[in-house]
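A quick write-up on the structure given underneath.
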Amino acid sequence: MATQNEILIRGASLRGDKGLADIAIASGKIAAIGKDLKADAEIVINADGGLATESFVNPHLHLCKVYTLQMMDEEALTSYHADGMGRAMNAIELAARVKEKYEESWIIKNVRKALAQAAIHGNTHIRAFADVDGQAKLEGVKALIRAREEFKGIVELQVVAFAQDGWVREPAAPELMRQAMELGADVVGGIPWIEFTDADIQTHVNEVFDMAQKYDKDVSMLVDDAGDSDLRSLELMAIEAHRRGWHGRALAHHARAMSLYQKPYFQKVAALLKRADMSVVSDPHTGPLHARVRELLEEGVNVCFGQDDVSDAYYPFGRNNMLEVAFLAAHLLWMTTARDMETLYDMITVNAAKAMNVSGHKLEVGAPANLVVLDAPNVLEALRAHVAPRAVIHTGRIVERAKMERVAKSGQW
């Protein structure tokens, strides 16, 4: 007698040239994987040989800023992408002008559009940043918390309260960050490298960890995001994570100055990252410099990719399509061998899930049923086409594509 399930995927390709297999889903979990399963289901998906894998994960998105490019000129974009990223600090200050207009009422509509795009493209987990400062106040945080509840069971949001304009140099930040955590933010976010002095950078790092410990939250920090080899906030962050026992709970983003480090110092930093069990998110498509992805991987550091931005002051494109992000990274990092492509795919699925502490994000029996069924038969073709999946399943339920397409157009839930 056939076992009854909620969803049965027939004839899917699996990574590693394992041939075609069926995948049974019941009670929100993967119930069985095998050839010609003696099973039945309420919903049967014929994969036609398409690749089935874990769903995609985006550990870095400035979600409060999506679709704000049209509200600004292009001065910040030009500064951020300037040769050597020597004007990155100036770009942040220019980009901050949009926050004078921040209101939850219009931010939430843009957020919904971006999250609906994520759902369409199989991106089911996002660590999403909301600026917290004297201009933005808590408008972005409120919008993201609201969206987190609306999209629950479709796209899981980790809301980062992010001190974008600094902690020491922005007097309003500490109290507003405290209020953001009380509202229900999931992660404490910082950007220590933009402080004016080394002492202030250390204070920024310390106080972010103080708040994380107080509220028992993970930490995400944008570090050393400019063309200056003397920037050292990544090192300070790793040391502090180790000292505080925040192993596996501190995530570094960008670290673009790393591309200019001398080899001995790079190896020291890599050793510190491993000691702190810290992951690194790289976004090579959003700036001319980027973390040394290959070398970090060779040193045993967990590395993943983020979308970073969607049509804002720093990047004009983006649609929350992590296959597209990996496709771009393949060119920028010259990761074009078959083995490289498998690594790229890991960096937008299992590596990214580890960085965000999303547990059980694997295509295996007993794991949460968060997966995609692609039209492509393998990783090479998936990256080549980077189109939306045939089916997206989150927490054991099929994401309703037609509804997500309506939300992506209207911004209305």
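Values quoted throughout were computed directly from the atomic coordinates according to the rules given, and no laboratory measurement underlies them. Since the model is a prediction, treat every value here as computed from it, not as a measurement. Cβ coordinates were reconstructed from backbone atoms using ideal geometry, including for glycine residues, and neighbour counts include every protein chain displayed.
Taking the number of Cβ atoms within 10 Å of each Cβ as an exposure proxy, the fewest-first ranking of I43, I30, I7 is I43, I7, I30. Compared with the direct C-alpha span, the chain from W413 to N90 gains 112.6 nm at full extension, assuming 0.36 nm per residue.
Under 5 Å between amide hydrogens, built in the peptide plane, is the criterion, and for L51 it picks out S13, L374, A376, N378 among residues at least 5 positions away or on other chains. Phi angles across segment 138-152 convert, under the Karplus curve 6.51 cos²θ - 1.76 cosθ + 1.60 with θ = phi - 60°, into 3J(HN,Hα) values of 10, 5, x, 4, 4, 5, 6, 5, 4, 5, 4, 6, 4, 9, 4 Hz, Gly and Pro given as x. Report the far tail of the P(r) of segment 234-323, meaning the percent of Cα-Cα pairs longer than 16 Å. Roughly 54 percent, rounded to a whole number.
Helix 173-183 axis versus longest C-alpha principal axis of the chain: approximately 30°, rounded to the nearest ten. Between E74 and A402, the simple spin-label model (points 7 angstrom out along Cα→Cβ) gives 4.0 nm. Find the centroid of the Cα atoms in segment 132-203 and in segment 266-313, then give the distance between the two in whole Å. Segment 132-203 and segment 266-313 have Cα centres spaced 21 Å from each other. Between the amide H of K29 and those of A369, distances stay under 5 Å, these residues lying 5 or more places away or on another chain, with hydrogens modeled in the peptide plane. Determine, from the Cβ-Cβ distance of K38 and Q213 and an R0 of 60 Å, the FRET efficiency 1/(1 + (r/R0)^6), rounded to the nearest 0.05. Between K38 and Q213 the formula returns 0.70. Close amide-amide hydrogen proximity is noted between D165 and V132, each under 5 Å apart and 5 or more residues distant or on a separate chain (H modeled in the peptide plane; Pro and chain starts excluded).
Take every pair of alpha-carbon atoms less than 8 Å apart whose residues are at least six positions apart; their mean separation over the length of the chain yields a relative contact order of 22 percent.
Helix 233-244 versus the longest principal axis of the chain: what angle, 0 to 90°, nearest 10, using Cα atoms? Rounded to the nearest ten degrees, it is 70.
Each Cα pair under 8 Å and six or more residues apart adds its separation to the average, and for segment 255-299 the resulting relative contact order is 56 percent.
Quick one: longest stretch of the chain between exposed loop GluC sites (Glu not before Pro), exposed meaning at most 13 other C-beta atoms within 10 Å and loop per DSSP? No qualifying site falls inside 104-363, the longest such stretch.
Using the Karplus equation 6.51 cos²θ - 1.76 cosθ + 1.60 (θ = phi - 60°), what ³J(HN,Hα) coupling, rounded to whole Hz, does each residue of segment 380-389 give in order, writing x for Gly and Pro? Karplus values, whole Hz, x for Gly and Pro: 4, 5, 5, 5, 4, 8, 5, 9, 5, x. Sorting W413, W246 by the number of Cβ atoms found within 10 Å of their own Cβ, with the fewest placed first, yields W413, W246. Summary value for segment 164-265: 25 percent relative contact order, contacts being C-alpha pairs under 8 angstrom separated by 6+ residues.
In the set [x] 31, 28, 22; [y] 35, 23, 20; [z] 32, 26, 25, the label that goes with semi-axes √(5λ) of the Cα gyration tensor in Å computed for this structure is [y]. Our coupling estimate for segment 116-121, obtained by passing each phi through the Karplus curve with A = 6.51, B = -1.76, C = 1.60 and θ = phi - 60°, is 5, 4, 4, 4, 4, 8 Hz, Gly and Pro reported as x.
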